[in-house]
Structures are given as C-alpha cells and as structure tokens.
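Chemist: Please find one structure pasted underneath; my questions will follow.
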Amino acid sequence: MADIFTVSEAGGRPGIKLSNEDFYLVQPHPDDPELIFCAVADGQGGRAGGACASEVACTAAFAAFGTFAPWRLAWERPWNQILQAADLAVKQEPQAGMTTLAMLCLRPQQLIGISVGDSAVSLYNTADLQPDRLTAKQRANPPIGSGQAVGELFRSSLPTVYRLLLMTDGVWKYTGWDPIDKAVQGFQGDALLAHLQQEARPYGRGPFKDDFTLVLIERDKLS
Ligand SMILES: [Mn+2]
C-alpha cells in the first residue's frame, strides 16, 4: 500500500491570519478500499465563498465517485459525470464561489483522474525521478461552480515505486517546479512536506503567500 501525507494551511501577511480557501479530501471507495479517491481544490470568491466552494466540490465529487462501481471508475466516462456533479453542486450552493478541482482515483497499478483550473498533479517514477505533469493540459476556465466546467482527463500506469503530488497553486507557484522536482529527489514523506513548505515561504519563514495544500502519496516498495 501507498503512504499518504497531507498539509493544508492558510496563506496571509505577517500579523494577519487568513482563512484557508483550499480543501482536500482523501477517502477510499465505499465498496473497495483498494481504490483511493484524492482531490484538491482551491476556492475563489472571498473568504467564505471560496472555502465553501472548495469543500463542496470535493465532497460532492466524492459522493458521485461512490455511486460508481469500482470497475467502472477505470473508464473515462464516469469522470466527466463526477466533475459535472461537483460543478453543479457548487453552482447550486448559494454560499459558494468558484473553485479549481483536481481529483483522481488511485488503484494499485494505475491512476485516472480529471481536473479544471490550476491545481496540479505531478507523478514521479522513483526509479528515475522524472516528473510527469498529469494536469498539464487542463483548462483554467470555466471554473467549478460555473455550471460549464470542462474537465481534462489524465491517466497513468503506476510504477512499483513512485511519488505522487497533488497541490494547489500556493505550492507550485511560490516554490517553482525545479525546486519541487529537486525536493522529490532528496526527500520523502514528512521531510519532503516540511522541505516544500519552507521553500514556499518568503525567505523560508513567515506565512505563505497563498493557501498551501499538498497531498503526497508514495510507495517505496512492493507490499
Ligand atoms: Mn491558490
């Protein structure tokens, strides 16, 4: 099995504490614990609206995910429906603004997912540590909550050993891809999370410039 590490923290300015508008969710499929649903979302639209949008998007997507039989989730079609369910749920929630959404289902040997916005998923084969930016082709707009979001699907086989990162732009934008890729080569688990948090902080300390949400999944040996 893979190990999962997570961090989600609000950004802000020194002395001003902001609320976190990011949200993430990691949950097994209700009918098959080998299928792990993972999602990150970055809400926009003012404090309450953004936080509400990202949470509703993740929970509505997971609810829709759970209505599909595990074998069907290996195919593309359910994913467009899961994304639409999240899009509609956010649109219909009066408190909610808009949000990004990057989500996937992790299986023992492959992953499949879909995304809208600028949150990112990056997969590293631990043998060569070369990054595969699975969300590179996603559309920034229209966002989740517009009722018109169009997801871009991605899938990949999973190597025996790998690291998989799901993150909001508060991670990649303020750290940069080169430092992220380097960190993955030098660290793992909690140490990798701690290192990336330090890299994203201005001058290595103080509050993040933007909400910082990172889900790290890694498998280092067969089990
Ligand atoms: Mn952000």
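The values are calculated or read from the model by the stated rules, or taken from the named source; none is laboratory data. All values derive from a computational prediction rather than experimental measurement. When we count neighbours, we look across all protein chains shown, and the Cβ atoms used for this are built from the backbone with ideal geometry, even at glycine.
Chemist: When you scan region 40-93, how many residues do you find that are acidic (Asp, Glu) and either touching a residue at least 60 places away in the same chain (Cβ under 8 Å) or within 24 Å of Pro108 (Cβ to Cβ) (or both)? Quick ask: steps written out before the conclusion?
Modeler: Step one: filter region 40-93 for residues acidic (Asp, Glu), giving 42, 55, 76, 87, 93.
Checking the rest, the ones that are also either touching a residue at least 60 places away in the same chain (Cβ under 8 Å) or within 24 Å of Pro108 (Cβ to Cβ) (or both) come to 42, 76, 87.
Going through region 40-93 one residue at a time, the tally reaches 3.
Chemist: Continuing with this model, one more query. Among residues belonging to region 40-58 that are crowded, with 24+ Cβ neighbours inside 10 Å and closer than 14 Å to Val116 by Cβ, point out the one that is farthest from the chain's Cα centre (by Cα).
Modeler: Taking the candidates together, the pick is Ala53.
Chemist: Something else now. For region 1-15, what are the residues that are at pLDDT 90 or above and in a strand (DSSP E or B)?
Modeler: Asp3, Ile4, Phe5, Thr6, Val7, Ser8, Glu9, Gly11
Chemist: Can you give me the ranges of the strands (runs of 3 or more DSSP E) entirely in region 60-177 with at least 1 residues that are closer than 20 Å to Pro33 by Cβ and more than 16 Å from the ligand (Cβ to nearest atom)?
Modeler: Answer list for region 60-177: 101-106, 110-116, 162-167.
Chemist: Going by the structure shown, is Asp210 more than 22 Å from Ile36 (Cβ to Cβ), away from the ligand (no atom under 16 Å from the Cβ) and either in a loop (DSSP other than H, G, I, E, B) or acidic (Asp, Glu) (or both)?
Modeler: Criteria not met by Asp210.
Every residue, every condition in (1) under 23 Å from Gly12 (Cβ atoms); (2) not aromatic (Phe, Trp, Tyr), yes or no:
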{"position": "Pro33", "(1), (2)": "no, yes"}
{"position": "Cys38", "(1), (2)": "no, yes"}
{"position": "Ala53", "(1), (2)": "yes, yes"}
{"position": "Phe62", "(1), (2)": "no, no"}
{"position": "Arg77", "(1), (2)": "no, yes"}
{"position": "Gln81", "(1), (2)": "no, yes"}
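Chemist: Looking only at region 16-45, which residues are in contact with a Pro (Cβ under 9 Å, 6 or more places away or on another chain), away from the ligand (no atom under 16 Å from the Cβ) and not in a strand (DSSP E or B)?
Modeler: Of everything in region 16-45, those that are in contact with a Pro (Cβ under 9 Å, 6 or more places away or on another chain), away from the ligand (no atom under 16 Å from the Cβ) and not in a strand (DSSP E or B) turn out to be Lys17, Asp31.
Chemist: Please state which of the following conditions Asn125 fails to meet, knowing it meets all the rest: (1) polar (S, T, N, Q); (2) touching a helix residue (DSSP H, G or I) at 6+ places or on another chain (Cβ under 7 Å); (3) surrounded by fewer than 23 Cβ atoms within 10 Å (Cβ to Cβ).
Modeler: (2)
Chemist: Report every pair of residues separated by at least 6 positions or lying on different chains whose Cβ atoms are under 6 Å apart, first residue within region 161-179 and farther than 27 Å from Gln109 by Cβ, second of a type in the set (Lys, Arg) and within 15 Å of the ligand (Cβ to nearest atom).
Modeler: Note: pairs meeting the criteria are Tyr174/Lys209.
Chemist: Any idea how many residues of region 54-98 are of a type in the set (Val, Ile, Thr) and within 14 Å of Phe23 (Cβ to Cβ)?
Modeler: The qualifying residues number 3.
Chemist: From the residues in region 59-79 that are surrounded by 17 or more Cβ atoms within 10 Å (Cβ to Cβ) and hydrophobic (A, V, I, L, M, F, W, C), which one is farthest from Ala96 (Cα to Cα)?
Modeler: Leu73
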